[in-house]
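> Have a look at the structure that comes next, please.
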There are 2 protein chains.
Amino acid sequence: MKSVTLKDLSKYLLLSTSTVSRALSGDKNIRKETRDVVLDAAQKLGYKPNLIAKNLKLGRSFSIGVIVPEMVTPFAAKVIEGIQQTAVLKGYRVMVAQSSEDPEIERKSLLMMKEFHVDGIIMSMCHKTHNIDLCVEFQESGIPIVLYDRIAPSLKVPKVIVNDYEGAKAIVEHLIKSGRKNIVYLQAPDYIYNATERLRGYQDALYQFDLKFDSKLLVKTKLTFDGGMKAAKKLLKRNIEFDAIFAFTDTMAIGAMNYLREQDISVPKDVAIAGFSGTELSTIVYPKLTTVEQPLHDMGVEAANLIIQQLEKNLKTEKIVVFDTKLKIRDSTC
Amino acid sequence: MKSVTLKDLSKYLLLSTSTVSRALSGDKNIRKETRDVVLDAAQKLGYKPNLIAKNLKLGRSFSIGVIVPEMVTPFAAKVIEGIQQTAVLKGYRVMVAQSSEDPEIERKSLLMMKEFHVDGIIMSMCHKTHNIDLCVEFQESGIPIVLYDRIAPSLKVPKVIVNDYEGAKAIVEHLIKSGRKNIVYLQAPDYIYNATERLRGYQDALYQFDLKFDSKLLVKTKLTFDGGMKAAKKLLKRNIEFDAIFAFTDTMAIGAMNYLREQDISVPKDVAIAGFSGTELSTIVYPKLTTVEQPLHDMGVEAANLIIQQLEKNLKTEKIVVFDTKLKIRDSTC
DNA sequence: CTGAAAGCGCTAACAA
DNA sequence: TTGTTAGCGCTTTCAG
């Protein structure tokens, strides 16, 4: 089942391959009639360009690499969906790898992407500095990079993020307004960019309502259900008084919430819980989780557009696209 | 930042490109010394083979397409992880697309995969017949296909599945043994292969315990949280008496469970709930969900191996690999 | 406006 | 054991 090639087409039409190629690629140096003839024949013979050959010739692979930290939650899936949709529409394929929150795996994935000659890379970094050197190297060797969500602020590349500061501030304000005084912030490790942004939002919300910031209410933990659980455990064990938790991610929030419930602490009566992400997860747990919703699909679309822009126009930007978030108040707070 | 090519290498070594190529590819027709020299030089100059060129020459793309029905749950992610890991190890890249449970999107994805010249396809079909024609066509045109989980029984391709019948039977037995008499089966639409297998397990478990099968307890619904919810709603509205639900997927089980709770029906006291899949979702909901766990990662590994086997050995099998499931009893049943 | 020819980087006959 | 050569399917100068 050999597929029909440009050569076949040119033989059939008694034209040169170059003419056929030009017709197909919409070159202006061609008579309209010949163009139409070629297009018709291509249609009829079922001609499909061989991307591999095209790639070799053009030195591009028409593929975009995506590296995400995890895929346990629908977070990445939603973004990838947006990327995929946009990319395929413009003739790019998408290759996904997950770092599993391990900077070394992330590094290997980057290297792999290079070996596979992806044209560009979209990445959410599991560590804000660890692989910066590679990213710079890639940039310099002509592989553009776009960062989203978990970015490295120092890297001079386009970025797609949400307003972490505002989102965090809004949700903490909501907690305060509903009468909470001792609000824990379940923080992510420092090597995650957004962690500090959301901390700022948390602190400013407190200040604004004349609540003082208490570092005992700051618990650093891993970005997992388990991390959230352990953090809650630690809080109880240390006998720290708190009536609300704002967690860096929904996952952590859910982990904490489930642990508290197991200890017969009522959510939201005793402790209100709020997260950040806004994936489907937040609506299937009990009670439903108050969270800051991010436009994940759109973020993916934007990231894809940014990378393709660089590819097509050879245009180096450092544009930062900031999406707004939406506060979703649900049963875990009141 | 041009990368070093075979030609560069051959010029540098004053050897022909073919010799260098042979050395690198581990051809036996080469003197050990020259081989070593070449390998050394390749290392030193940082030679990386250009896969695109290789692809064009060999008529292969060294990429594997994966088509999954959804990525909202970690189900697909786990399988993909297994596929990815195995594939990359053997020099293949993985390209993922999701059909979103829409056979037409699945079809488009298949076509896209072909356009991108993937060497083989791993797929979990959202509809057991809709795209069979394309699959057959692909097979015949030399693109091998491996099916997993949601298979099409009639397709003569390798398949990776779990023992749906046994898994379903075991979990329903567990429900019966814990005193449940009126067990609902939330069934998936008929166009999903496993739906009928699990139904068989359900029925046989009933028969075995002399419970009669009541078709009123069979509710067909969509494979989503929402589907589960609506099914539960329907059951209540119809005033059907039931003390347990066995759902086709965890997602559906969770949807139903959440709805019942909202109606102040206690799980597991009034109604026990069990699912099928065994992803992390089942452990983060409240109460934790009893489910049939599938070895998703291993299924991915196996699927990747099966496709690569066909690719490398040009070996057409129709091997069906059946994995065992594990019954995970949690708080949603007792 | 069209054709001839070269070449992207690699592999694999075929020769030597 | 090594080199020569052709060619995978396509684009793109350069001539005509």
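The values are calculated or read from the model by the stated rules, or taken from the named source; none is laboratory data. Note that this is a predicted model, so its numbers are computed, not measured. Please note: Cβ atoms are built from the backbone with ideal geometry, for glycine as well, and neighbour counts cover all protein chains shown.
Residue-by-condition table, conditions (1) within 14 Å of chain B (Cβ to nearest Cβ); (2) at pLDDT below 95; (3) crowded, with 16+ Cβ neighbours inside 10 Å; (4) closer than 30 Å to A:E241 by Cα:
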| site | (1), (2), (3), (4) |
| --- | --- |
| A:H117 | yes, yes, yes, no |
| A:K128 | no, yes, yes, no |
| A:I143 | yes, yes, yes, no |
| A:L147 | no, no, yes, no |
| A:E166 | no, no, yes, yes |
| A:I176 | no, no, yes, yes |
| A:L199 | no, no, yes, yes |
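> While we're here: Within region B:281-295, is there a residue that is surrounded by 24 or more Cβ atoms within 10 Å (Cβ to Cβ) and small (G, A, S)?
Looking for residues that are surrounded by 24 or more Cβ atoms within 10 Å (Cβ to Cβ) and small (G, A, S), one finds at least one in region B:281-295, hence yes.
> Do you know which residues across region B:81-91 are in contact with a helix residue (DSSP H, G or I) (Cβ under 7 Å, 6 or more places away or on another chain) and surrounded by 24 or more Cβ atoms within 10 Å (Cβ to Cβ)?
B:I83, B:A87
> Okay, next question. Here are some conditions: (1) in contact (Cβ under 8 Å) with a residue 60 or more places away in the chain; (2) under 25 Å from A:D164 (Cα atoms). A:L311 meets all but one. Which one does it not meet?
Only one criterion is unmet by A:L311, namely (2).
> Sticking with this structure for a sec: Which of the residues that make up region B:98-115 are buried (at least 22 other Cβ atoms within 10 Å of the Cβ) and under 25 Å from A:Y47 (Cβ atoms)?
The answer is B:E106, B:S109, B:L110, B:M113.
> Taking the residues in region B:77-108 that are closer than 20 Å to B:Y193 by Cα and touching a strand residue (DSSP E or B) at 6+ places or on another chain (Cβ under 7 Å) as candidates, determine which candidate is nearest to the other protein chains (Cβ to nearest Cβ).
The selected residue is B:Q98.
> So, restricting to helices (runs of 4 or more DSSP H) that lie completely within region B:1-87, which ones have at least 2 residues that are touching a residue at least 12 places away in the same chain (Cβ under 8 Å), assigned by TED's automatic domain parsing to the domain that holds B:F276 and away from DNA strand D (no atom under 12 Å from the Cβ)?
none
> Assuming B:G46 fulfils every condition listed in (1) within 14 Å of another protein chain (Cβ to nearest Cβ); (2) over 24 Å from A:A53 (Cα atoms); (3) within 11 Å of DNA strand C (Cβ to nearest atom) apart from one, which condition is it?
(3)
> Which residue out of B:I52, B:I64 is among the aliphatic types (A, V, I, L, M) and within 16 Å of B:I308 (Cβ to Cβ)? Steps first, please.
Working: B:I52 fails: within 16 Å of B:I308 (Cβ to Cβ).
Within the list B:I52, B:I64, the selection yields B:I64.
> If you don't mind, there's one more thing I want to ask. Would you pick out the residues in region A:233-242 that are farther than 20 Å from A:L199 by Cα and assigned to a loop (DSSP other than H, G, I, E, B)?
Within region A:233-242, A:R238, A:N239 qualify.
> Exactly one of these conditions fails for A:I308: (1) modelled with pLDDT of 95 or more; (2) surrounded by fewer than 24 Cβ atoms within 10 Å (Cβ to Cβ); (3) in the same structural domain as A:V118 (by TED's automatic domain parsing). Give me its number.
A:I308 satisfies all of (1) modelled with pLDDT of 95 or more; (2) surrounded by fewer than 24 Cβ atoms within 10 Å (Cβ to Cβ); (3) in the same structural domain as A:V118 (by TED's automatic domain parsing) except (1).
> Anything in region A:228-271 that is buried (at least 23 other Cβ atoms within 10 Å of the Cβ), within 13 Å of another protein chain (Cβ to nearest Cβ) and small (G, A, S)? List them, or say none.
A:G228, A:A253, A:G255, A:A256
> Further, regarding this structure: Just a yes or no: is a residue in region B:54-65 surrounded by fewer than 23 Cβ atoms within 10 Å (Cβ to Cβ), in contact with a helix residue (DSSP H, G or I) (Cβ under 7 Å, 6 or more places away or on another chain) and either more than 13 Å from chain A (Cβ to nearest Cβ) or among the β-branched types (V, I, T) (or both)?
no
> Further question: Tell me, which residue of region B:1-28 that is more than 8 Å from DNA strand C (Cβ to nearest atom) and of a type in the set (S, T, N, Q) is nearest to the other protein chains (Cβ to nearest Cβ)?
Step by step, filter region B:1-28, then rank; the result is B:S10.
> Could you say which residue among B:Y202, B:Y259, B:Y191 is touching a residue at least 60 places away in the same chain (Cβ under 8 Å) and of a type outside the set (D, E)?
Just one listed residue meets the conditions, B:Y191.
> Can we say A:G91 is part of a strand (DSSP E or B) and out of contact with any His (no Cβ under 9 Å at 6 or more places or on another chain)?
Answer is no for this residue.
> Name every residue in region B:4-53 that is under 26 Å from B:D119 (Cα atoms) and exposed (fewer than 15 other Cβ atoms within 10 Å of the Cβ), in order of residue number. Outline the logic, then answer.
Applying the first criterion (under 26 Å from B:D119 (Cα atoms)) to region B:4-53 yields B:5-6, B:18, B:21-27, B:47-53.
Answer for region B:4-53, where residues must be under 26 Å from B:D119 (Cα atoms) and exposed (fewer than 15 other Cβ atoms within 10 Å of the Cβ): B:S18, B:S25, B:G26, B:D27, B:K48.
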